[in-house]
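Structure record follows, encoded as structure tokens.
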Amino acid sequence: MARRRKSASQDLEGTRDRILKAAEQVFAEKGYTGARVAEIAQRSGMDKRLIFYYFSNKQGLYSHILEDFFQRAEPVFDEFLRRRKDMAQKLDLARFLENTTEFIQVNRNPVRILFREFLDGGVLLEALLPQRILPIFSLWREYYPRFFSTPKGSPREADHMLLTLSGMSLFYFLVVPLMEQVWEEDPLHTDRLSERKEFLQRRTKGLIK
């Protein structure tokens, strides 16, 4: 009996995973407004009623994907700042960008979904701002003067640097279809990703005071 219960539990988890994987693809391609539950069901190979059973509605499914993404992203940011409380330990900016690049590489669809949310002023942006976005800015502003020289009269200096560093990792993955045409090869090939990481390491030397 215990084995049967375990098998049933695994089946349920597998069903959720298939729905979430399909939903990530559809939301990334079409955004929240353009996504249809019927298409998510079709791609996952599941009955549409199962989506409503597990996630209540389309927004519940969408919210779950973004919340899961932020939870998985937290350790990357924590390593960059929270573990650097000892000022004798130098901030490793190159390592942060490398870790961020690797994280985005395996989370491309959630990243595309999040950027659509930002660009479109999406359905969850108002909730994400106080819960997930502003805490990142607050933490960054606290630590920024310890590691970077800040000109006087530049209250948004820290914010601009956060946007710049984020863009160095994120933008590359957002323009993969474009770079496929420019380079006539896969930008996600192991050699190209290693090339990108080496570039970031070279260009971030000397940024930390």
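A full extension of the chain between Leu139 and Asn57 corresponds to an added length of 26.2 nm, given 0.36 nm per residue minus the alpha carbon distance. Taking the Cα of Leu207, stepping 7 Å toward and past its beta carbon, and measuring to each backbone N in the range 160-193: which are under 11 Å? Residues 161-170 qualify, since their backbone N sits under 11 Å from the label point.
Relative to the longest principal axis of the Cα atoms of the chain, the long axis of helix 134-147 makes an angle of roughly 30 degrees.
Based on every Cα atom in the range 63-204, Rg and the maximum pairwise Cα distance Dmax equal 16.1, 46 Å.
Expressed as a whole percent, the proportion of Cα-Cα pairs in the range 146-194 lying more than 14 Å apart is 63%. Putting +1 on Lys and Arg Cβ atoms and -1 on Asp and Glu Cβ atoms, find which of Leu50, Tyr143, Leu178 reaches farthest to the positive end of the dipole of the chain. Most positive-ward Cα: Tyr143.
Computed 3J(HN,Hα) for the range 197-204, one whole-Hz value per residue from the Karplus formula 6.51 cos²θ - 1.76 cosθ + 1.60 where θ = phi - 60°, is 5, 5, 4, 5, 4, 5, 7, 9, glycine and proline marked x. Overall, the chain carries a charge dipole of about 620 debye about its Cα centre when +1 sits on the Cβ of Lys and Arg and -1 on the Cβ of Asp and Glu, all other atoms neutral. Exposure proxy for Val76, Val175: other Cβ atoms within 10 Å of each Cβ, ordered fewest to most, give Val175, Val76. Across the range 44-194, Cα pairs under 8 Å and at least six residues apart give a relative contact order of 20 percent. If R₀ is 25 angstrom, what is the calculated FRET efficiency for the pair Arg192 and Asp68, using the beta carbon separation as r and rounding to 0.05? The calculated FRET efficiency here is 0.35. For the range 62-70, backbone phi angles converted through the Karplus equation (6.51, -1.76, 1.60; θ = phi - 60°) give residue-by-residue couplings of 4, 4, 4, 5, 5, 5, 4, 4, 5 Hz, Gly and Pro being listed as x. With θ taken as phi - 60° and the Karplus curve 6.51 cos²θ - 1.76 cosθ + 1.60 applied, the whole-hertz 3J(HN,Hα) list for the range 47-59 is 5, 4, 5, 5, 5, 5, 5, 7, 10, 6, 7, 4, 5 Hz, x standing for glycine and proline.
Bear in mind that the values in this text are calculations on the coordinates, not laboratory data. Remember, it's a predicted structure, so these values are computed and weren't measured experimentally. Every residue, glycine as well, gets a Cβ built from its backbone with ideal geometry; the counts of neighbours run over all protein chains shown.
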